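To start, the structure under review is shown below, and the notes come after it.
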Amino acid sequence: MRTPFNTTKTSPRDSGGGGGRILLPFTSQAISRRALEAAMRLAHAEGGTLMPAFLARVPRNLPLESPLPAACAVGMPLLEAIEQRASAEGVPVDARVSRGRTYRDALQRLLRQEPFDRVIVSATDGPHSGLRQEDLAWLLDNVTAEVLILRPASDDARRISGHAVDGHF
Amino acid sequence: MAAGVGKTYRMLLEGRVEREIGRDVVVGLLETHGRAETAALAEGLELIPRRKVSYRGTELEEMDLAAIIARAPEICLIDELAHTNAPGVEHAKRHEDVEDVLAAGIDVLTTVNVQHLESLNDQVAELSGIRVRETIPDAVLGRADEIVVVDLTPEELLERLRAGKVYPIERIDAALNHFFRIENLSALREVALRQVAQEIGQRRFAAAVNVGSREESLAAEAPQAVSERLLALVEPDPGAYRLVRRAWRSAQRLGAPLDLLWVRPPGTLSDEQERSLTALRQLASLLGARLIVEESDLLPETVAAVARRQRTTYILMGRSRPGRGLTRARTPLPQRLLELLPGVDVRIVADRAQRPTEDPP
């Protein structure tokens, strides 16, 4: 039997941050603008903190604690872009990184480590860009935080990428 | 860069040129991997026969170090610098044999793939998913008088592979499916070119300072003078991550190690601070940076002590919070650090959150 995450006695809201802690995990070179905007709207409305989290996959032949410069070269500019955009909208940001053998493993480790009120993921990510259908189902089954899965939409092609901070990062 | 680009071929070409200008050249060790073009180029060059080594009932062939030193040529060509020797010979690694050859006053031309460099091994493994076991310390490459990168586009290399110029026909499919994928080759090429650019930059600097009566001492100090080490001053709060990312980016561009320092005031941490500290540790670990936590009330002095200890050349910090009361009269931290650490650059990282955002097209 699996233990659900976020079962700590202290609720995320009690543990600092005022409003809710809204986790926005991403894995690839770009993130759906709709997902980011939804997360920012929620954070705005609730006086919460947006917590974008870069999930990195560690190849099996490397120790789990290995530095991942190539993955970071993709993830760090994107974290910067998200943070700049959110800060410009007045949304507090508290970024995270997590790594694992798979993206789900990385997310699982992050969820074990600290509490979140909401997790926002986009169902539009392709097979090469991170969380798969099974991962989303796993999220719903195992995470006690509110999970918001955005259904696919026509404007999903509009994405935020690290290019937004080219020359500024 | 990778097997099949033509390193051995280039080494033999260089050897032939040296012989044509009258130098005494021998081949100490040659691996043709069955490539006819390479074997043809070696024809006419004196080859020192390999010696046989018995290991667990198997007869192996290794480079004959003693024979090379006894032959005492002016130049010796030794292929595959990262090779691991069979047990029972003088040294465990071929690069150690090469040290002996050099010590005997013999110049050496050798070959190595970029993924065999110790410092690049993790990076290449991450990029390609393949880890090579035979590595050489970077210092070995650092002692070379000249480095020549044998560059080939991934497309050309794949063409050579498919044409059977790299491996025998029966191994081609496996190679194409395993290591010889275009993304792997592109990544290796990038790493090789960057590495050589860095070496050239360091040598150019060393040459520029290598003048006057202090010639020798300056030349010896040059590698240290050009190597940067960054120190970012952080606190476990969300604003620190931006600073860490910026510092990491700078460190990547400079090819320099990055340390993060939190001068922690005495006392216990709140839950939120504990979480932020954990997140900061994770970020540091993922980026390959080292997080140092020092408990002290004396911020400038502690930063200066750590910077001296770590041989920091560059300090990055965020904007200080405005002081209150008497603290307003104190010298600002950047100014204080410049006083305490002459010769160390101090950079204040701006908060670019308020700059106009740009969308990609």
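The values are calculated or read from the model by the stated rules, or taken from the named source; none is laboratory data. Computed from a predicted structure; not experimentally measured. Every residue, glycine among them, receives a Cβ derived from its backbone with ideal geometry; neighbour counts consider all protein chains shown. The accessibility values were calculated without ligands, DNA or RNA, using every heavy atom of the protein model including side chains. Shrake-Rupley method; radii C 1.70, N 1.55, O 1.52, S 1.80 Å.
Of all residues in segment B:55-84, those being without any contact (Cβ under 8 Å) to a residue 60 or more places away in the chain, part of a strand (DSSP E or B) and not aromatic (Phe, Trp, Tyr) number 8. Select from segment A:54-88 the residues that are assigned to a helix (DSSP H, G or I) and over 16 Å from the mean Cα position of the chain (by Cα) and list them in ascending order. Hits for segment A:54-88 are A:Pro69, A:Ala70, A:Ala73, A:Ser87, A:Ala88. Taken together, B:Ala82, B:Ala104 contain a single residue that is of a type in the set (Gly, Ala, Ser), touching a helix residue (DSSP H, G or I) at 6+ places or on another chain (Cβ under 7 Å) and crowded, with 19+ Cβ neighbours inside 10 Å, which is B:Ala82. Residues being open to solvent by 10 Å² or more (accessible area, probe 1.4 Å), more than 10 Å from chain B (Cβ to nearest Cβ) and in contact (Cβ under 8 Å) with a residue 40 or more places away in the chain are entirely absent from segment A:58-71.
One residue stands out in segment B:262-278 among those that are open to solvent by 50 Å² or more (accessible area, probe 1.4 Å) and among the hydroxyl-bearing types (Ser, Thr, Tyr): the one that is farthest from the other protein chains (Cβ to nearest Cβ), namely B:Thr268.
Note on segment B:251-264: residues that are farther than 17 Å from B:Leu286 by Cβ and at pLDDT below 90 total 4.
For the structure I just gave you, tell me whether B:Glu146 is in a helix (DSSP H, G or I), open to solvent by 30 Å² or more (accessible area, probe 1.4 Å), away from chain A (no Cβ under 14 Å) and out of contact with any strand residue (DSSP E or B) (no Cβ under 9 Å at 6 or more places or on another chain). It is false that B:Glu146 is in a helix (DSSP H, G or I), open to solvent by 30 Å² or more (accessible area, probe 1.4 Å), away from chain A (no Cβ under 14 Å) and out of contact with any strand residue (DSSP E or B) (no Cβ under 9 Å at 6 or more places or on another chain). Considering only residues that are in a helix (DSSP H, G or I), under 17 Å from B:His33 (Cα atoms) and open to solvent by less than 20 Å² (accessible area, probe 1.4 Å), which ones fall in segment B:1-20? The answer is B:Thr8, B:Met11, B:Leu12. All conditions in (1) crowded, with 22+ Cβ neighbours inside 10 Å; (2) of a type in the set (Lys, Arg); (3) touching a Leu at 6+ places or on another chain (Cβ under 6 Å) hold for B:Arg281, with the sole exception of (1). Of the residues making up segment B:85-97, those that are outside any loop (DSSP other than H, G, I, E, B) and more than 20 Å from the chain's Cα centre (by Cα) number 1. Within segment B:326-344, residues that are not assigned by TED's automatic domain parsing to the domain that holds B:Arg309 and in a loop (DSSP other than H, G, I, E, B) reach no partner that is open to solvent by 70 Å² or more (accessible area, probe 1.4 Å) and at pLDDT 90 or above with beta carbons closer than 8 Å at six or more positions or on different chains. Count of segment B:21-51 residues, restricted to those that are open to solvent by 30 Å² or more (accessible area, probe 1.4 Å) and not in a loop (DSSP other than H, G, I, E, B), is 7.
The residues listed here are B:Val303, B:Val244; of these, the one that is in contact (Cβ under 8 Å) with a residue 60 or more places away in the chain, β-branched (Val, Ile, Thr), at negative phi and part of a helix (DSSP H, G or I) is B:Val303. Scoring B:Leu286 on the criteria (1) surrounded by 19 or more Cβ atoms within 10 Å (Cβ to Cβ); (2) outside any helix (DSSP H, G or I); (3) free of Cβ contacts under 8 Å to residues at least 24 places away in the same chain leaves a single failure, condition (2).
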